[in-house]
Amino acid sequence: MAKRTTFHRHIITITFMLACALLLNGCSVPKRTVYQPEPERDSPARTLLADAEQSLRTGKINQAEMHIERALRVDPGNGELWHFMATIKDKQGNYSQAVQFCLKSNSLAGANNSLTRRNWLLIENAYSRMGNMDKAEDARLKAYESR
């Protein structure tokens, strides 16, 4: 009878350890990545992005900024739009805002390594123009890691 009780204790202990392992394994869910693609072809945000791109091509930077601000109000979770806003700020010479908008874009990029890389390269450029070569180098390395 004593052997049977010891056997049952081992079974209960093993069962308990397996249950704990399964429970803890269920708690380690991998981080969910969010990928925000470009706005849909016929969406208002896509139309505004196209208008902003056209304005930028023709040198109308302030008009491009106005279009992209409207697009961001329509689709604030889209990292591509934030990157475009960062590009506008960079062209306006507002490098610190360009960096901030790139960081916002990176927070929304998820698994979009191309967008993340473009953001880090723009950040590198902005820091270089601000004379902060250490941060520019860090950004360049992060761009390289984003490939």
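If you go through the stretch 45-58 one residue at a time, do you hit one that is at pLDDT 95 or above, under 16 Å from SER146 (Cβ atoms), out of contact with any Leu (no Cβ under 9 Å at 6 or more places or on another chain) and β-branched (Val, Ile, Thr)? No, because not a single residue in the stretch 45-58 is at pLDDT 95 or above, under 16 Å from SER146 (Cβ atoms), out of contact with any Leu (no Cβ under 9 Å at 6 or more places or on another chain) and β-branched (Val, Ile, Thr). Tell me, please, whether a residue that is of a type in the set (Asp, Glu), within 18 Å of the chain's Cα centre (by Cα) and at pLDDT 95 or above can be found in the stretch 78-99. Yes, there is a match, as at least one residue in the stretch 78-99 is of a type in the set (Asp, Glu), within 18 Å of the chain's Cα centre (by Cα) and at pLDDT 95 or above. Residues of the stretch 128-146 include none that is over 14 Å from the mean Cα position of the chain (by Cα), surrounded by 20 or more Cβ atoms within 10 Å (Cβ to Cβ) and acidic (Asp, Glu). Evaluating GLY110 against the criteria (1) in contact with a Leu (Cβ under 8 Å, 6 or more places away or on another chain); (2) modelled with pLDDT under 95 leaves one unmet condition, (1).
Listed by first and then second residue, the pairs linking a residue in the stretch 89-114 that is surrounded by 20 or more Cβ atoms within 10 Å (Cβ to Cβ) to a residue that is in a helix (DSSP H, G or I) and hydroxyl-bearing (Ser, Thr, Tyr), with Cβ atoms under 6 Å apart and 6 or more places separating them unless they lie on different chains, are ASN106/THR116; ALA109/THR116.
The values are calculated or read from the model by the stated rules, or taken from the named source; none is laboratory data. Everything quoted here is computed from the prediction, not taken from an experiment. Ideal geometry is used to build each Cβ from the backbone, glycine not excepted, and the neighbour counts take in all protein chains shown.
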